[in-house]
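Just below is one structure, and these are the notes that go with it.
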């Protein structure tokens, strides 16, 4: 498996030509690789592509879903925790800018596609002011649902129907709770100008009254349960070690702003350099931003479909490969999430049977 | 309508270009061409439902999904027996010596059991590379830099060797 040109490229190739020691070591690697290749050798599969194509096209399930994400080239960046943190930050910002004037309380969810460029553009918004926690979140892990409920302001931990759990799922369950938290972002014209100068970009004009305007976001309390051995270290540090299954319930987030209208805020954010046409179109297509929780879906890594969960609209993410999927919905003032390294159909079944 | 038609045409081109490679990856993991075709069919059905065939990431997505789906299937104990029977039949067409046939079948089973015990990423990297994908293609499918593939494969090979030894010495 070391016969690829990329196995010895550039300076490495030159060095191997002149260093007998490294050339010897490379030969050992190559011999090893050859023996592994022979271990994995199998008779080639003979395929009839024409018939296989007909079979796939006649499969009802292969019909395109309503929401599909084409778009961008593949990224060679690994999906790191930092990236996920950025997504979370973007989620907060999207919630923030959906704030309709003075108040935001979602009653439904909708997926919006975000590109890496969108994420970079939106992440910079954090430099346009200062964020302060007026109430910091307290996280607590417990061994039973009752304790989690107590720590989570009395919220009942959703109960998963055992029959819906995929086979092979860990029986180790950890419960958790988060207290209500509140953060305030204060816009600053000076900070925005300095951030833009540092990035070498020119900013759209800040609307009047935005300097000093505040946006207060409240999240939680929340409770949940995680299936899987959380102590087990991941053998693969370059990717996320998703818990096998996480089920959570949170009071729907709320947001309120001062000094600026939602239209001003929305126009200003969408005018930032780097925001994609796809994201602009998706945001502008949303009927009532004051009641819609936007789920940012990174189009290079995930896909989403609209599903009905517990009788309301929900967003299902991921696919049926079992690599990772999730379902998010809002009902009776609470946001629910079911996610993990499970198939999307299993996530939807668990969600629909949650008590 | 013309958009739908061009989308179908793009999917057909993608299918023709990638189907044999997707089956090849699954076959490398499962050592069973029939089951590998089942996996490939599922992968293409999932892809067609959720993605546009014109997406630049399409081949990378298909390769990764083929590796993960076949590794998941390999770990499913229920399939093992069926796989071994199919494997033996397939092999029977080429190897006439029953003793030799048994040895090949046994070796292949040990290797697949070892592969099933490995972490998904290195196992997928080995399967993809062994089925003929270039370093660049493996990198795109796994979302890593091309420069990391050599090291990833080296470690994966060492792990597989260790797992095979562990499996046969038990």
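Worth a mention:
- Members of segment B:19-34 found to be surrounded by 21 or more Cβ atoms within 10 Å (Cβ to Cβ), more than 7 Å from chain A (Cβ to nearest Cβ) and part of a helix (DSSP H, G or I), listed by number: B:22, B:25, B:26, B:29, B:30
- Note on segment B:125-148: residues that are more than 24 Å from residue B:40 (Cα to Cα) and within 7 Å of another protein chain (Cβ to nearest Cβ) amount to 2.
- Filter pass, residue B:159 being more than 19 Å from residue A:40 (Cβ to Cβ), modelled with pLDDT of 80 or more and either within 11 Å of chain A (Cβ to nearest Cβ) or not in a helix (DSSP H, G or I) (or both): no
- Applying a threshold of 8 Å to beta carbon distances and a minimum spacing of six or more residues, or different chains, the list of pairs starting in segment B:113-124 at a residue that is at the interface with chain A (Cβ under 9 Å from one of its Cβ atoms) and ending at one that is assigned to a helix (DSSP H, G or I) and surrounded by fewer than 19 Cβ atoms within 10 Å (Cβ to Cβ) reads B:114/B:166; B:114/B:167; B:122/B:155.
- Checklist (1) at pLDDT below 60; (2) not in a loop (DSSP other than H, G, I, E, B) applied to residue B:94, failing item: (2)
- Checked against the criterion of being modelled with pLDDT under 70 and either within 24 Å of residue B:141 (Cα to Cα) or within 31 Å of the chain's Cα centre (by Cα) (or both), the candidates A:34, A:77 yield just one match: A:77.
- Scanning segment A:308-355 for residues that are modelled with pLDDT under 85, closer than 21 Å to residue B:48 by Cα and assigned to a strand (DSSP E or B) yields A:317, A:318, A:325, A:326.
- Of all residues in segment A:185-213 being buried (at least 18 other Cβ atoms within 10 Å of the Cβ) and under 27 Å from the mean Cα position of the chain (by Cα), the one that is nearest to residue A:140 (Cα to Cα): A:185
- Leading residue by the ranking (modelled with the lowest pLDDT) among those in segment B:35-77 that are part of a loop (DSSP other than H, G, I, E, B) and more than 8 Å from every other protein chain (Cβ to nearest Cβ): B:76
- When segment B:151-169 is filtered for residues that are over 15 Å from residue B:113 (Cα atoms) and buried (at least 19 other Cβ atoms within 10 Å of the Cβ), the ones remaining, listed by number, are B:152, B:153.
- Meets criteria (touching a helix residue (DSSP H, G or I) at 6+ places or on another chain (Cβ under 9 Å) and closer than 30 Å to residue A:340 by Cα) for residue A:195: no
- Residue A:142 vs. criteria modelled with pLDDT of 80 or more and touching a helix residue (DSSP H, G or I) at 6+ places or on another chain (Cβ under 6 Å): no
The values are calculated or read from the model by the stated rules, or taken from the named source; none is laboratory data. These numbers come from a predicted model, not from an experiment. Cβ: placed from backbone, ideal geometry, glycine included. Neighbour counts: every protein chain shown.
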